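Taking it in order: structure first as C-alpha coordinates, then the write-up.
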Amino acid sequence: ISIRPVGDTELGPKVEVKNMNSFRAVVRALEYEFARQVQVVREGGRIVQETRGWVEERGGYTVSQRSKEQAHDYRYVPEPDLPPLVVSRQWVEEVRSRLPELPEARGARFMGQYGLPAYDAGLLTASKATADFFEAAVKLKPGLTGEALQGRAKAAGNWMLSEAARLLNAAGKELEESKLTPQHLSDLLELVEGGKLSTTMAKTVLEEAFNTGKDAKAIVQEKGLSQISDASGLGPAIADAIAANPQAVADYMKGKDTAVKFLVGQVMKRTRGQANPPVVNDLLKEKLEGMRKG
(Lines give C-alpha, C1' and ligand atoms only; values in the text may rest on other atoms or scores of the structure.)
Protein backbone atom coordinates (compact mmCIF):
# COMPACT_ATOMS: atom_id res chain seq x y z
CA ILE A 1 0.00 0.00 0.00
CA SER A 2 1.20 3.51 -0.86
CA ILE A 3 -0.30 6.87 -0.02
CA ARG A 4 -0.01 10.42 -1.34
CA PRO A 5 -1.36 13.74 -0.06
CA VAL A 6 -4.33 15.18 -1.94
CA GLY A 7 -3.02 17.16 -4.91
CA ASP A 8 0.23 15.23 -5.27
CA THR A 9 0.75 13.14 -8.40
CA GLU A 10 3.34 10.67 -7.10
CA LEU A 11 2.75 7.93 -4.56
CA GLY A 12 5.09 7.51 -1.63
CA PRO A 13 7.19 4.39 -0.96
CA LYS A 14 5.24 1.15 -0.96
CA VAL A 15 4.87 -1.11 2.03
CA GLU A 16 4.12 -4.80 1.66
CA VAL A 17 1.94 -6.44 4.31
CA LYS A 18 2.05 -10.20 4.86
CA ASN A 19 0.75 -12.95 7.14
CA MET A 20 -2.99 -12.45 6.59
CA ASN A 21 -5.11 -15.61 6.55
CA SER A 22 -8.60 -14.28 5.78
CA PHE A 23 -10.32 -11.64 3.66
CA ARG A 24 -11.31 -9.88 6.88
CA ALA A 25 -7.67 -9.74 7.93
CA VAL A 26 -6.73 -8.27 4.53
CA VAL A 27 -9.30 -5.50 4.94
CA ARG A 28 -8.23 -4.74 8.52
CA ALA A 29 -4.52 -4.76 7.60
CA LEU A 30 -5.07 -2.34 4.72
CA GLU A 31 -7.12 0.00 6.90
CA TYR A 32 -4.54 -0.11 9.69
CA GLU A 33 -1.57 0.40 7.39
CA PHE A 34 -3.24 3.31 5.61
CA ALA A 35 -3.97 5.03 8.93
CA ARG A 36 -0.41 4.33 10.16
CA GLN A 37 1.22 5.83 7.08
CA VAL A 38 -1.02 8.91 7.22
CA GLN A 39 -0.06 9.46 10.86
CA VAL A 40 3.67 9.09 10.12
CA VAL A 41 3.50 11.65 7.29
CA ARG A 42 1.42 14.12 9.31
CA GLU A 43 3.94 13.92 12.15
CA GLY A 44 6.78 14.74 9.78
CA GLY A 45 8.13 11.22 9.53
CA ARG A 46 9.22 9.29 6.44
CA ILE A 47 7.69 6.10 5.05
CA VAL A 48 10.33 3.50 4.23
CA GLN A 49 9.96 0.76 1.67
CA GLU A 50 9.68 -2.41 3.72
CA THR A 51 7.77 -5.60 4.44
CA ARG A 52 5.54 -5.54 7.51
CA GLY A 53 3.78 -8.46 9.17
CA TRP A 54 0.15 -8.42 10.30
CA VAL A 55 -0.41 -9.38 13.93
CA GLU A 56 -4.00 -10.52 14.22
CA GLU A 57 -3.98 -12.15 17.62
CA ARG A 58 -2.99 -8.97 19.48
CA GLY A 59 -5.77 -6.72 18.27
CA GLY A 60 -4.55 -6.18 14.72
CA TYR A 61 -1.50 -4.12 13.79
CA THR A 62 1.58 -4.33 11.54
CA VAL A 63 5.21 -4.75 12.59
CA SER A 64 8.35 -4.19 10.53
CA GLN A 65 9.97 -7.38 9.29
CA ARG A 66 12.60 -6.27 6.79
CA SER A 67 13.44 -3.28 4.63
CA LYS A 68 13.56 -3.48 0.83
CA GLU A 69 15.18 -0.40 -0.61
CA GLN A 70 16.27 -1.77 -3.97
CA ALA A 71 15.55 -4.71 -6.26
CA HIS A 72 18.58 -6.62 -5.02
CA ASP A 73 17.03 -6.66 -1.54
CA TYR A 74 14.48 -9.06 -2.90
CA ARG A 75 17.24 -11.62 -3.55
CA TYR A 76 16.36 -12.02 -7.23
CA VAL A 77 18.59 -14.72 -8.77
CA PRO A 78 18.55 -16.42 -12.20
CA GLU A 79 17.00 -19.90 -12.30
CA PRO A 80 19.65 -22.18 -13.86
CA ASP A 81 17.05 -24.68 -15.14
CA LEU A 82 15.05 -21.98 -16.94
CA PRO A 83 17.03 -20.49 -19.84
CA PRO A 84 16.09 -16.98 -21.06
CA LEU A 85 13.11 -17.01 -23.40
CA VAL A 86 13.00 -14.45 -26.20
CA VAL A 87 9.56 -14.06 -27.82
CA SER A 88 9.52 -12.34 -31.19
CA ARG A 89 6.71 -10.02 -32.27
CA GLN A 90 6.25 -12.13 -35.41
CA TRP A 91 5.59 -15.25 -33.33
CA VAL A 92 3.10 -13.37 -31.16
CA GLU A 93 1.18 -12.21 -34.24
CA GLU A 94 1.18 -15.73 -35.70
CA VAL A 95 -0.36 -17.07 -32.49
CA ARG A 96 -2.85 -14.20 -32.42
CA SER A 97 -3.96 -14.97 -35.98
CA ARG A 98 -4.83 -18.54 -34.98
CA LEU A 99 -7.03 -17.49 -32.07
CA PRO A 100 -10.80 -17.93 -32.56
CA GLU A 101 -13.10 -14.92 -32.42
CA LEU A 102 -13.35 -14.09 -28.72
CA PRO A 103 -16.74 -13.54 -26.99
CA GLU A 104 -16.44 -9.77 -26.59
CA ALA A 105 -15.49 -9.26 -30.23
CA ARG A 106 -18.17 -11.68 -31.40
CA GLY A 107 -20.82 -9.95 -29.33
CA ALA A 108 -19.86 -6.59 -30.83
CA ARG A 109 -20.07 -8.11 -34.31
CA PHE A 110 -23.49 -9.60 -33.59
CA MET A 111 -24.73 -6.15 -32.61
CA GLY A 112 -23.27 -4.52 -35.71
CA GLN A 113 -24.02 -7.22 -38.28
CA TYR A 114 -27.34 -8.52 -36.98
CA GLY A 115 -28.65 -5.48 -35.11
CA LEU A 116 -29.00 -7.40 -31.84
CA PRO A 117 -29.36 -5.56 -28.53
CA ALA A 118 -26.29 -5.71 -26.28
CA TYR A 119 -28.16 -7.91 -23.78
CA ASP A 120 -29.10 -10.52 -26.41
CA ALA A 121 -25.62 -10.48 -27.95
CA GLY A 122 -24.08 -11.01 -24.51
CA LEU A 123 -26.25 -14.05 -23.79
CA LEU A 124 -25.75 -15.58 -27.22
CA THR A 125 -21.96 -15.30 -26.94
CA ALA A 126 -21.81 -16.59 -23.37
CA SER A 127 -20.65 -19.92 -24.81
CA LYS A 128 -19.09 -20.81 -28.14
CA ALA A 129 -21.66 -23.56 -28.72
CA THR A 130 -24.57 -21.12 -28.37
CA ALA A 131 -22.96 -18.50 -30.60
CA ASP A 132 -22.12 -21.09 -33.27
CA PHE A 133 -25.66 -22.53 -33.16
CA PHE A 134 -27.26 -19.09 -33.51
CA GLU A 135 -25.09 -17.99 -36.41
CA ALA A 136 -25.47 -21.31 -38.23
CA ALA A 137 -29.27 -21.07 -37.97
CA VAL A 138 -29.26 -17.53 -39.35
CA LYS A 139 -26.96 -18.41 -42.24
CA LEU A 140 -29.05 -21.41 -43.32
CA LYS A 141 -31.20 -18.95 -45.24
CA PRO A 142 -28.70 -17.39 -47.67
CA GLY A 143 -29.02 -14.10 -49.48
CA LEU A 144 -30.50 -12.11 -46.58
CA THR A 145 -29.24 -8.55 -46.14
CA GLY A 146 -30.19 -5.41 -44.28
CA GLU A 147 -33.48 -5.47 -42.38
CA ALA A 148 -34.35 -8.97 -43.61
CA LEU A 149 -31.12 -10.37 -42.14
CA GLN A 150 -31.59 -8.49 -38.89
CA GLY A 151 -35.21 -9.64 -38.63
CA ARG A 152 -34.21 -13.29 -39.09
CA ALA A 153 -31.38 -12.91 -36.55
CA LYS A 154 -33.65 -11.25 -33.97
CA ALA A 155 -36.24 -14.01 -34.37
CA ALA A 156 -33.58 -16.74 -34.06
CA GLY A 157 -32.15 -15.10 -30.96
CA ASN A 158 -35.58 -14.77 -29.36
CA TRP A 159 -36.37 -18.46 -29.87
CA MET A 160 -32.98 -19.52 -28.53
CA LEU A 161 -33.15 -17.30 -25.45
CA SER A 162 -36.76 -18.16 -24.63
CA GLU A 163 -38.18 -21.53 -25.69
CA ALA A 164 -34.90 -23.34 -26.40
CA ALA A 165 -33.43 -22.08 -23.11
CA ARG A 166 -36.57 -23.23 -21.26
CA LEU A 167 -36.33 -26.72 -22.73
CA LEU A 168 -32.63 -26.99 -21.93
CA ASN A 169 -33.16 -25.85 -18.34
CA ALA A 170 -36.01 -28.32 -17.84
CA ALA A 171 -33.89 -31.17 -19.22
CA GLY A 172 -30.73 -30.11 -17.39
CA LYS A 173 -28.74 -30.19 -20.62
CA GLU A 174 -26.31 -27.99 -22.48
CA LEU A 175 -27.19 -27.01 -26.04
CA GLU A 176 -24.54 -29.26 -27.55
CA GLU A 177 -25.93 -32.23 -25.58
CA SER A 178 -29.45 -31.86 -27.00
CA LYS A 179 -30.94 -33.18 -30.24
CA LEU A 180 -31.79 -29.65 -31.36
CA THR A 181 -29.91 -28.44 -34.44
CA PRO A 182 -29.59 -25.13 -36.31
CA GLN A 183 -31.62 -26.73 -39.11
CA HIS A 184 -34.54 -27.28 -36.72
CA LEU A 185 -34.56 -23.61 -35.78
CA SER A 186 -34.14 -22.41 -39.37
CA ASP A 187 -37.04 -24.58 -40.57
CA LEU A 188 -39.19 -23.39 -37.68
CA LEU A 189 -38.54 -19.74 -38.54
CA GLU A 190 -39.34 -20.45 -42.18
CA LEU A 191 -42.69 -22.02 -41.27
CA VAL A 192 -43.65 -19.17 -38.94
CA GLU A 193 -42.57 -16.46 -41.39
CA GLY A 194 -44.46 -18.18 -44.20
CA GLY A 195 -47.69 -18.20 -42.20
CA LYS A 196 -47.78 -22.00 -42.12
CA LEU A 197 -47.29 -22.24 -38.37
CA SER A 198 -48.58 -20.09 -35.52
CA THR A 199 -46.31 -19.15 -32.64
CA THR A 200 -48.23 -21.44 -30.30
CA MET A 201 -47.91 -24.39 -32.66
CA ALA A 202 -44.27 -23.56 -33.29
CA LYS A 203 -43.55 -24.07 -29.58
CA THR A 204 -45.06 -27.54 -29.82
CA VAL A 205 -42.95 -28.35 -32.88
CA LEU A 206 -39.76 -27.09 -31.23
CA GLU A 207 -40.36 -29.21 -28.14
CA GLU A 208 -40.99 -32.30 -30.26
CA ALA A 209 -37.82 -31.64 -32.26
CA PHE A 210 -35.91 -31.14 -29.01
CA ASN A 211 -37.11 -34.46 -27.61
CA THR A 212 -36.90 -36.60 -30.75
CA GLY A 213 -34.55 -34.85 -33.17
CA LYS A 214 -37.19 -35.16 -35.89
CA ASP A 215 -37.33 -32.71 -38.80
CA ALA A 216 -39.60 -29.73 -38.02
CA LYS A 217 -41.52 -30.03 -41.28
CA ALA A 218 -42.07 -33.75 -40.69
CA ILE A 219 -43.46 -33.04 -37.22
CA VAL A 220 -45.92 -30.52 -38.68
CA GLN A 221 -47.04 -33.10 -41.23
CA GLU A 222 -47.35 -35.95 -38.71
CA LYS A 223 -49.31 -33.96 -36.14
CA GLY A 224 -51.40 -31.97 -38.60
CA LEU A 225 -50.25 -28.66 -37.17
CA SER A 226 -50.32 -26.58 -40.35
CA GLN A 227 -51.84 -23.16 -39.84
CA ILE A 228 -55.16 -22.57 -41.61
CA SER A 229 -55.01 -19.33 -43.55
CA ASP A 230 -57.49 -19.78 -46.44
CA ALA A 231 -61.04 -18.47 -46.29
CA SER A 232 -62.58 -21.79 -47.32
CA GLY A 233 -60.86 -23.65 -44.51
CA LEU A 234 -61.83 -21.04 -41.90
CA GLY A 235 -65.38 -20.41 -43.13
CA PRO A 236 -67.14 -23.12 -41.10
CA ALA A 237 -65.41 -22.19 -37.84
CA ILE A 238 -66.20 -18.49 -38.36
CA ALA A 239 -69.84 -19.19 -39.13
CA ASP A 240 -70.10 -21.43 -36.08
CA ALA A 241 -68.50 -18.82 -33.78
CA ILE A 242 -70.91 -16.12 -35.02
CA ALA A 243 -73.95 -18.34 -34.62
CA ALA A 244 -72.95 -19.46 -31.12
CA ASN A 245 -72.25 -15.96 -29.78
CA PRO A 246 -75.13 -13.61 -30.62
CA GLN A 247 -74.25 -11.23 -27.78
CA ALA A 248 -70.76 -10.64 -29.17
CA VAL A 249 -72.27 -10.04 -32.61
CA ALA A 250 -74.77 -7.58 -31.11
CA ASP A 251 -71.97 -5.77 -29.30
CA TYR A 252 -70.06 -5.39 -32.55
CA MET A 253 -73.13 -4.02 -34.30
CA LYS A 254 -73.34 -1.39 -31.53
CA GLY A 255 -69.80 -0.25 -32.33
CA LYS A 256 -67.81 -2.32 -29.84
CA ASP A 257 -64.86 -3.38 -31.96
CA THR A 258 -63.38 -5.35 -29.06
CA ALA A 259 -66.12 -7.93 -29.63
CA VAL A 260 -64.15 -9.11 -32.65
CA LYS A 261 -61.27 -10.17 -30.40
CA PHE A 262 -63.64 -12.41 -28.46
CA LEU A 263 -64.90 -13.98 -31.67
CA VAL A 264 -61.34 -14.49 -32.92
CA GLY A 265 -60.66 -16.42 -29.72
CA GLN A 266 -63.71 -18.57 -30.32
CA VAL A 267 -62.53 -19.42 -33.83
CA MET A 268 -59.08 -20.28 -32.47
CA LYS A 269 -60.69 -22.72 -30.02
CA ARG A 270 -62.70 -24.36 -32.76
CA THR A 271 -59.61 -24.82 -34.91
CA ARG A 272 -57.46 -25.96 -31.95
CA GLY A 273 -55.15 -22.99 -32.43
CA GLN A 274 -54.46 -23.72 -36.08
CA ALA A 275 -56.24 -20.69 -37.53
CA ASN A 276 -54.19 -17.68 -38.62
CA PRO A 277 -55.33 -14.94 -36.18
CA PRO A 278 -54.86 -11.92 -38.53
CA VAL A 279 -56.70 -13.73 -41.32
CA VAL A 280 -59.50 -14.73 -38.93
CA ASN A 281 -59.78 -11.14 -37.75
CA ASP A 282 -60.14 -9.82 -41.31
CA LEU A 283 -62.64 -12.51 -42.34
CA LEU A 284 -64.75 -11.95 -39.22
CA LYS A 285 -64.93 -8.21 -39.84
CA GLU A 286 -65.84 -8.83 -43.46
CA LYS A 287 -68.60 -11.26 -42.43
CA LEU A 288 -69.96 -8.98 -39.69
CA GLU A 289 -69.96 -5.92 -41.94
CA GLY A 290 -71.87 -7.93 -44.51
CA MET A 291 -74.44 -8.82 -41.84
CA ARG A 292 -74.69 -5.16 -40.83
CA LYS A 293 -75.39 -4.06 -44.38
CA GLY A 294 -77.73 -6.96 -45.01
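The values are calculated or read from the model by the stated rules, or taken from the named source; none is laboratory data. Keep in mind it's a predicted model, so treat the numbers as computed, not measured. Cβ: placed from backbone, ideal geometry, glycine included. Neighbour counts: every protein chain shown. Note: areas computed on protein heavy atoms with side chains; ligands, DNA, RNA excluded. Shrake-Rupley method; radii C 1.70, N 1.55, O 1.52, S 1.80 Å.
Using Cα positions and a limit of under 20 Å, work out the lysines in reach of residue 217, with same-chain residues fewer than 8 apart set aside. The reachable lysines, counting only those whose Cα sits under 20 Å from residue 217, are 139, 141, 179, 196, 203. Of the residues 34, 134, the one with the largest accessible area comes first in the ranking 34, 134, computed with a 1.4 Å probe on protein heavy atoms. Dipole magnitude for the chain: about 780 debye, using +1 per Lys or Arg Cβ and -1 per Asp or Glu Cβ, origin at the Cα centre.
Each residue of segment 274-290 was assigned a 3J(HN,Hα) from its phi angle through the Karplus expression (A = 6.51, B = -1.76, C = 1.60, θ = phi - 60°), giving 8, 6, 7, x, x, 5, 4, 4, 5, 5, 5, 4, 4, 5, 5, 5, x Hz with x at Gly and Pro. Solvent-accessible area of residue 91, all protein chains in place: 140 Å² (probe radius 1.4 Å, heavy atoms, ligands and nucleic acids excluded). From the alpha carbon centroid of segment 235-256 to that of segment 107-184 is 42 Å.
Once you've got the GNM for the chain with C-alpha springs shorter than 10 Å, pick whichever of 161, 206, 85 has the biggest mean-square fluctuation. Of 161, 206, 85, the most mobile in the Gaussian network model is 85.
For residue 10, the solvent-accessible surface with a 1.4 Å probe is about 150 Å², rounded to the nearest 10. Over the chain, dividing the summed -39,500 (n - 2.57) contributions of all DSSP H runs of at least 4 residues by the number of residues returns a 222 nm mean residue ellipticity of -17500 deg cm²/dmol.
Residues in the chain average 63 Å² of solvent-accessible surface per residue, probe 1.4 Å, ligands and nucleic acids excluded.
Of 146, 115, 60, the residue with the greatest mean-square motion in the GNM of the chain, using alpha carbon springs below 10 Å, is 60. Using a probe of 1.4 Å, the accessible surface attributed to residue 207 totals some 80 Å² when neighbouring protein chains are kept in position.
Near the amide H of residue 50, within less than 5 Å, lie the amide hydrogens of 16, 68, all on another chain or at least 5 residues away, with H placed in the peptide plane. Which label marks the calculated value of mean projected area of the Cα convex hull in nm², given the options [x] 14.0; [y] 16.2; [z] 31.9? Correct label is [z]. Of the residues 20, 160, the one with the largest accessible area comes first in the ranking 20, 160, computed with a 1.4 Å probe on protein heavy atoms. Note on the chain: dipole from Cβ charges, positive end direction compared against 142, 118, 2; the farthest Cα belongs to 118. Overall, the accessible surface of the chain at a probe of 1.4 angstrom is composed of carbon and sulfur to the extent of 54 percent.
Within the listed set 49, 247, 150, the Gaussian network model of the chain (springs between alpha-carbon atoms below 10 Å) gives the highest mean-square fluctuation for 49.
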